[in-house]
Structures are given as structure tokens and as C-alpha cells.
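A quick write-up on the structure given underneath.
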Amino acid sequence: MTDTPGHGKLRQHAYDAITSATSLKGLIFVVDAAAISSPQGLAEAATYLHDILLALQKRHTGAKTSKGPAGIPVLIAANKLDLFTALPAQLVKKRLEEEITKIRSTRAKGLLDSAVDIEGDDEDREWLGEGGEGNFNFGQMKEAEIEVSVIGGNASAKGEEKTQVEQWWGWIAQQM
């Protein structure tokens, strides 16, 4: 597992780590469950998550041997659930899937509008999930042996509050 800050200028490090690491056991993608309630926060998180999942999918399907690298489990850690404005984990999952559907549709339309020849093999396409058509859901990632889990919690607590990260630790323990 690699720790890469989410700042845009540092994201290339995450892509490099994902595509080059041979002993990657899992990936934890932390989202601010309160920020996802805003359209801008949702769009930013979903776009970055789309690109990370696409890199993992390409890592698996683009292998030079008949059997690609082992699939990578992904934990989407919906953080800050202690805040009043935070969305519950199931709603975070639903919103991310809906936004990734929009991203796939927009990118597919961009390819069609640019007159790029997309009649070739499906493997050459930049689609995330099953064919890039219809609604996206994280279950589609199983085709590339990528199991996506969305688990809520909060890593920081103030005052009387206690952190709630036990389920995240449980997920990590399962991947070891």
C-alpha cells in the first residue's frame, strides 16, 4: 500500500506507484464524505477515482502474459462520518458510481467527437468497467479482479468523539 496525498500536483506519484509496483496488496482511496455532498467535491473525487481504477484495470488487462497481475482490492474509505454534513457510506458509493457513469459518458462522447477510430478491439479502448456503456457500478471491476469496498468511518476525532476506523483495519487485515 502506498500513501500519496490527494493534491493534484502529487497525483502522478500515485499513478506511477500503481503501474510499477509488483507487490501491491491493496489500495485505500480516502474520500471526504462531507465534501462529496457538494457537486464540485463529488466531481473531483470521482474523476480521480475513475483514473485510479482505470490504471488498475489496465495494469491487469494489459499484461504481456495470458494471466495478468493479481487483482488489487480497493477500499474507498468514506472519512469524516462524524460530521453532520457527511453522507453515509452507501450514499457515497451510489454518488461515486453515478458520477463515474457521467465521466465515462463524457469521455466516450469526446472520443466520438474527435473522430478517433474506436472500431478496434475493446481492449484498446479507455473504458472503465464493462464496455463503458450504461450505468457504472463497482461490481463491474470484478472482471479485472478488482474488488471495491466502500466503508465509512472517521480518522480524526475532537472532544468526546472517538475515531471509528476499526472496519478499515479489518479490511487491511484481510488483504495481508
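For region 71-108, name all the residues that are among the basic types (Lys, Arg) and either under 17 Å from Gln40 (Cα atoms) or open to solvent by less than 60 Å² (accessible area, probe 1.4 Å) (or both). It would help to see each step written out before you state the result.
Step one: filter region 71-108 for residues among the basic types (Lys, Arg), giving 80, 93-95, 102, 104, 107.
Selection gives Lys93, Lys94, Arg95, Lys102, Arg104.
In region 140-167, how many are in a helix (DSSP H, G or I) and either open to solvent by less than 30 Å² (accessible area, probe 1.4 Å) or farther than 21 Å from Leu87 by Cα (or both)? Before you say what the answer is, go through the steps one by one.
Narrowing region 140-167 to residues in a helix (DSSP H, G or I): 140-144, 166-167.
Among the residues that remain, those that are also either open to solvent by less than 30 Å² (accessible area, probe 1.4 Å) or farther than 21 Å from Leu87 by Cα (or both) are: 140-144.
Of the residues in that region, 5 qualify.
Can you tell me which residue among Ala70, Ala43, Ala86, Ala78 is in a helix (DSSP H, G or I) and among the small types (Gly, Ala, Ser)?
Working: Ala70 fails: in a helix (DSSP H, G or I); Ala86 fails: in a helix (DSSP H, G or I); Ala78 fails: in a helix (DSSP H, G or I).
Only one candidate passes the filter, namely Ala43.
Quick check: is even one residue across region 84-97 among the hydroxyl-bearing types (Ser, Thr, Tyr) and free of Cβ contacts under 8 Å to residues at least 12 places away in the same chain? If you could, list the steps in order and put the result at the bottom.
Taking region 84-97 and keeping what is among the hydroxyl-bearing types (Ser, Thr, Tyr), we get 85.
Okay, now just the ones that are also free of Cβ contacts under 8 Å to residues at least 12 places away in the same chain, so none.
The answer is no; no qualifying residue exists.
Confirm whether Leu128 is modelled with pLDDT under 95, open to solvent by 30 Å² or more (accessible area, probe 1.4 Å) and of a type in the set (A, V, I, L, M). Don't jump to the end; show me each part of the working.
Working: modelled with pLDDT under 95: yes; open to solvent by 30 Å² or more (accessible area, probe 1.4 Å): no; of a type in the set (A, V, I, L, M): yes.
It is false that Leu128 is modelled with pLDDT under 95, open to solvent by 30 Å² or more (accessible area, probe 1.4 Å) and of a type in the set (A, V, I, L, M).
Glu99 passes all but one of (1) of a type in the set (D, E, K, R); (2) at pLDDT below 95; (3) in a helix (DSSP H, G or I); which number fails?
All conditions pass for Glu99, except number (2).
The values are calculated or read from the model by the stated rules, or taken from the named source; none is laboratory data. Model, not experiment: these values are computed from the prediction. Cβ sites come from the backbone with ideal geometry, for glycine too, and all protein chains shown count toward neighbours. The area values use the complete protein model at the heavy-atom level, side chains included, leaving out ligands, DNA and RNA. Shrake-Rupley method; radii C 1.70, N 1.55, O 1.52, S 1.80 Å.
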